[in-house]
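Chemist: Take this structure, written in structure tokens, and hold onto it; I'll ask about it next.
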Amino acid sequence: MKKTKINLFSNIDPKVYTSLGILFIISLIVLSYQYTRHVDCENAKFIIHSDEFMTNRVVEYYDNTEGAKSWEWDFGDSTAIDTRQRTLHKYKKPGDYIVKLKINGNCTHEKLITINSISQQIGYLPTIISPNVVTVGETISFDAAKEDGESWEWSFGETTTTDALEKNPSYKFKSVGEKKITLIVNGDVEHTAVKTIYVAPKTIKAKQNLDIKSYEFEKPHIAFSLPVGTAQKDPLVDMLQYIPVSPKSKVKNDSLQSEKKAPEISNEQMQLLLNQVAAQLKTKDDFKDFVCGKYDIPVVANDKKLIPFDQFCQMIAGKKIKITALRMNKDQKNCIQNLNIHYKVKKMMIWIKE
């Protein structure tokens with residue numbers, strides 16, 4: 001009896017082999033495409049460089065990641081996405097910016113940069129532009145030269161408060177004399193610009209022309225002189241002989257000088273103490289001498305919160321903060337009356353304002 005061979009592949013349609021071959025070729029193309037665009041996302045190499053990380057200064061961005069074919073730069077200031085490998089950018093406002101780079105459409109990397117304003121440079125002083133001599137009652141224009149700040153605080157020397165908040169204010173002086181003009185840019189009290197000007201009185205103009213014919217000239221002095229008489233003894237000489245001499249009174253000390261004043265504290269020392277409060281190394285009691293025992297002094301936080309000082313210390317305790325601006329007002333005893341503070345809190349690796 002003959003044995004028959006059974007062929008398992010004889011009943012398979014040749015179209016199946018064709019389909020499998022096409023799928024195999026497509027898989028090879030996809031794998032080769034992914035291989036050529038493969039990037040080690042953990043080892044991205046991109047550089048952010050600038051000589052001065054300040055407003056209106058050029059910042060350079062460059063990526064040198066191996067295998068990178070496309071780039072998407074997000075500069076963090078709501079400007080358009082840039083798709084070049086090397087590019088340049090300028091920031092118009094100071095602050096912290098998160099720069100994001102997407103490589104080959106799938107690898108995203110972030111870096112945090114801080115842009116400062118010109119007035120935040122160490123030793124930088126704003127420039128006040130104004131006349132050196134003005135007239136009382138005249139409208140005078142002031143200018144902060146070459147300033148790109150966000151806030152200006154002008155004082156024109158006639159009051160103890162801030163007189164103007166714009167960059168180019170105008171003012172009329174009400175009294176004559178020397179006036180000390182001060183300008184604080186972006187709340188940087190440490191670098192306050194000062195200029196002294198002189199306010200002159202108004203020039204008085206005659207309402208009517210003088211009539212020379214009706215002018216009465218001054219009479220000679222001899223017309224007012226008395227005839228010369230005999231010398232007389234001054235009676236005050238005899239009176240002074242009988243007036244008792246009063247003892248010299250002791251000079252009283254000025255009451256303000258005898259009062260005990262609060263110790264001095266600078267903005268930098270105040271920031272250091274507040275950072276220690278946030279780290280839970282200090283409490284409000286460590287500020288007793290500086291606030292003269294008044295823990296309820298007002299604190300303006302980020303221009304939107306007004307809270308007592310003791311509650312502010314509780315609010316920042318245990319948080320990681322970064323103080324960007326601080327201003328203290330003190331009284332005659334050197335006691336801190338109020339605080340104006342700008343700060344950020346680090347949450348999820350990002351600095352944000354509370």
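The values are calculated or read from the model by the stated rules, or taken from the named source; none is laboratory data. All figures in this text were calculated on a predicted structure; none of them were measured in a lab. We place every Cβ from the backbone using ideal geometry, glycine too, and count neighbours over all the protein chains shown. To get the accessible areas, we keep the full protein, side chains included, count just its heavy atoms, and leave off ligands, DNA and RNA. Shrake-Rupley method; radii C 1.70, N 1.55, O 1.52, S 1.80 Å.
Chemist: Counting Lys +1, Arg +1, Asp -1, Glu -1, what net charge surrounds Glu72 among other residues with beta carbon under 9 Å of its beta carbon?
Modeler: Around Glu72, the charge tally is 0.
Chemist: Summarise the accessible area of segment 296-354 (1.4 Å probe, protein heavy atoms) by the percent that is carbon and sulfur.
Modeler: Looking at segment 296-354 in its full context, I get 52 percent from C and S.
Chemist: Please give the net charge around Ala317, taking every other residue with its beta carbon less than 12 angstrom from that of Ala317, where Lys and Arg add +1 and Asp and Glu add -1.
Modeler: +3
Chemist: Further question: Sort segment 90-200 into rounded, prolate or oblate with this rule: let a ≥ b ≥ c be the square roots of the eigenvalues of the Cα gyration tensor; rounded if a/c is under 1.5, and if a/c is not under 1.5, prolate when a/b is larger than b/c, oblate otherwise. Could you put the intermediate results ahead of the total?
Modeler: Details: a/c = 4.05, a/b = 3.47, b/c = 1.17.
Verdict is prolate for segment 90-200.
Chemist: Separate question: Ignoring ligands, DNA and RNA, what accessible area per residue does segment 150-192 give at 1.4 Å, in Å²?
Modeler: So segment 150-192 comes to 54 Å² accessible per residue, rounded to a whole number.
Chemist: Given a 1.4 Å probe and heavy atoms of the protein chains only, how would you sort Thr65, Thr160, Thr18, largest accessible area at the top?
Modeler: The ranking, largest first, comes out as Thr160, Thr18, Thr65.
Chemist: Right, another one. If you split all Cα-Cα distances of segment 285-333 into 10 Å bins from zero, what percentages do you get per bin, shortest first?
Modeler: Taking all Cα pairs of segment 285-333, the binned fractions are 20, 57, 21, 1 percent.
Chemist: Go through segment 332-343 residue by residue and turn each phi into a ³J(HN,Hα) via Karplus (6.51, -1.76, 1.60, θ = phi - 60°); whole Hz please, and just put x for glycine and proline.
Modeler: My calculation for segment 332-343 gives 5, 8, 6, 7, 5, 8, 7, 10, 10, 10, 10, 8 Hz in order.
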